[in-house]
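**Q** Got a structure here, written out as structure tokens. Questions coming.
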Amino acid sequence: ERECPAADPQAPVVVLLHGSPGGKRDFATVVPELAKRYCVIVPDLPGFGDSKREIPDYSFRAHARYVLELLDAERIDDAHIVGFSMGGGVALSLADLTPRRVRSITMLSAIGVQEMELLGDETLNHALHGAQLAGLWGLRELTPHFGWMDDAVLGVPYARNFYASDQRPLRAILSRWPGPMLIVHGRHDPLVPIQAAEEHARIVPQAELVVTEKSHFMVFMDGPKVAATLVAFFERVDRGEATVRGNADPARVAATAEPFDPRALPRISGLPWLLLLLLLALATFVGEDLSCIGAGLLVTTGR
């Protein structure tokens, strides 16, 4: 989907990348305001929405390549990239693959550093995501569901996306991104903790951090306000007034050299706590020892 202002079809481009599960409809209330000043491209990433379901690679690294192919097909030289939730991993991967094509990055309720995701460890998270994938695949392939599981929101494509994606490289990508960045995050986000946004802002000294009193789902519930925040940032970037790493606050630059502090890890509560219990229970069918180790680590880190 592409929507441009009637008065300026050559306006700067904004690409909106949805999360998992999700699709271009995630931005239904954001696009109208953005499209008044920008050409807005909102794809259904392969595996989601109206795009082809069965693809060989569901990782956000692969999705970044799909987006790059889209930019090439549309003859777009560069664009403001907005990543919502898991789309943050796609946005960062795109910037890593081709930084000159990314005019700015916006992390909207976005995932990033590995330490803030579930158990904080890739091996343990991979095992949990594997258990989730196995369970959803079993529901789809081994039970009569009359097509319901083929298009389920929490279906196999969603699970494959998480299983195939590795967040470990994202810290390094964040640490070397030189351009403008906006981080918009809800203080009451139950899925990606506010501490993730704070850590992203720490290791990207030029980043602008906007903390709202909303949740992970502000993109659905407060679209026009989100759009206004994005437009103000894009305008600063396009005028050359946004901060970049080269002119960031020296104190913030110095803070990037500090190692990650495990005390910044948030306690797990609410819906994520229930989901984590479910994933741990499912994981026991894959590997009891790994599940026990994961639960023990959650206890020892105070999570």
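**Q** Which order do you get for V286, V237 if you rank them by accessible area with a 1.4 Å probe, largest at the top?
**A** V286, V237
**Q** Picking from G223, G88, G240, which is most flexible by a Gaussian network model of the chain using Cα springs under 10 Å?
**A** Ranking G223, G88, G240 by mean-square fluctuation puts G240 first.
**Q** Given the protein chains as shown and a 1.4 Å probe, how many square angstrom of D50 are accessible, to the nearest 10?
**A** 110 Å²
**Q** Name the residue, out of R100, R239, R53, whose mean-square fluctuation peaks in a Gaussian network model built on the chain with Cα pairs under 10 Å.
**A** Residue with maximal mean-square fluctuation among R100, R239, R53: R239.
**Q** Can you check how the C-alpha radius of gyration of region 172-303 compares to 2.2 N^0.38 Å, as a plain ratio?
**A** Output field value: 1.30.
**Q** Which order do you get for F234, F260 if you rank them by accessible area with a 1.4 Å probe, largest at the top?
**A** Order by accessible area, largest first: F260, F234.
**Q** State the label only: which of (1) 19.2, 62; (2) 28.6, 93; (3) 22.0, 70 corresponds to Rg and Dmax of the Cα atoms in Å computed from the shown model?
**A** Answer by label: (1).
**Q** Modelling each spin label as a point 7 Å along the Cα-to-Cβ direction, I'd like the D166/A281 distance in nm, to one decimal.
**A** 3.2 nm
**Q** Using the basic label-point model (7 angstrom from Cα toward the beta carbon), what is the H188 to T123 distance in nanometres?
**A** My value for the distance between the label points is 3.9 nm.
**Q** Which value in deg cm²/dmol, rounded to the nearest 500, describes the helix-derived mean residue ellipticity at 222 nm for the chain, given -39,500 (n - 2.57) per DSSP H run of n ≥ 4 and division by the residue count? Provide the component values of the computation, followed by the final result.
**A** Numbers: 12 runs with 129 residues, N = 303.
One gets -13000 deg cm²/dmol as the mean residue ellipticity at 222 nm.
**Q** Quick one: compute the contact order of region 185-303, relative version, from alpha carbon pairs under 8 angstrom and 6+ residues apart, as a percent.
**A** 27 percent
**Q** Keeping all protein chains in position, work out how much accessible area Y163 exposes to a 1.4 Å probe, and write it in Å² to the nearest 10.
**A** Roll a 1.4 Å probe over it and Y163 shows about 90 Å².
**Q** Return the unpartnered cysteines for the chain, using a Cβ-Cβ cut-off of under 4.7 Å.
**A** So far as the 4.7 Å Cβ criterion goes, C292 stand without a partner in the chain.
**Q** Residue-wise, which Karplus ³J(HN,Hα) couplings in Hz belong to region 256-266, taking 6.51 cos²θ - 1.76 cosθ + 1.60, θ = phi - 60°, and x for glycine or proline?
**A** For region 256-266, the Karplus curve yields 5, 7, 6, x, 4, 9, x, 5, 7, 5, x Hz.
**Q** About the Cα centre, and with charges only on the beta carbon of Lys, Arg (+1) and Asp, Glu (-1), how big is the dipole of the chain? Nearest 20 debye, please.
**A** 400 debye
**Q** Okay, next question. Solvent-accessible area of R61, probe 1.4 Å, all protein chains present, reported in Å² to the nearest ten, please.
**A** R61 has an accessible surface of roughly 80 Å² with all protein chains in place.
**Q** Over the Cα atoms, compute the radius of gyration (one decimal) and Dmax (the largest Cα-Cα distance, rounded to a whole number) for region 76-118, in Å.
**A** Calculated on Cα positions, Rg and Dmax stand at 10.6, 36 Å.
**Q** K214: which lysines have alpha carbons under 19 Å from its alpha carbon, excluding same-chain residues fewer than 8 sequence positions away?
**A** Qualifying lysines at Cα under 19 Å: K225.
**Q** So which residue, out of N125, N247, N161, gets the largest mean-square fluctuation from a GNM of the chain using Cα contacts under 10 Å as springs?
**A** Largest GNM mean-square fluctuation: N247.
**Q** Calculate the spin-label point distance for E3 paired with E74, positioning each point 7 Å from the Cα along the beta-carbon direction, and give it in nanometres.
**A** About 1.3 nm separates the two model spin labels.
**Q** Roughly what % antiparallel, to the nearest 5, for the DSSP beta bridges in region 1-86?
**A** Taking every DSSP beta bridge with both residues in region 1-86, the antiparallel ones total about 20 percent.
**Q** Something else now. With angles folded into 0 to 90 degrees, how steeply does helix 194-203 sit against the dominant principal axis of the chain? Use alpha carbons for both and round to 10.
**A** 50 degrees
**Q** Run the accessible area of region 80-145 with a 1.4 Å probe and give the carbon-and-sulfur part as a rounded percent.
**A** Looking at region 80-145 in its full context, I get 58 percent from C and S.
The values are calculated or read from the model by the stated rules, or taken from the named source; none is laboratory data. For clarity, every value in this text was computed on a predicted model and none was experimentally measured. Reconstructed Cβ throughout: ideal geometry from the backbone, glycine too, with neighbour counts over all protein chains shown. Accessible surface is based on the protein model in full, side chains and every heavy atom, while ligands, DNA and RNA are left aside. Shrake-Rupley method; radii C 1.70, N 1.55, O 1.52, S 1.80 Å.
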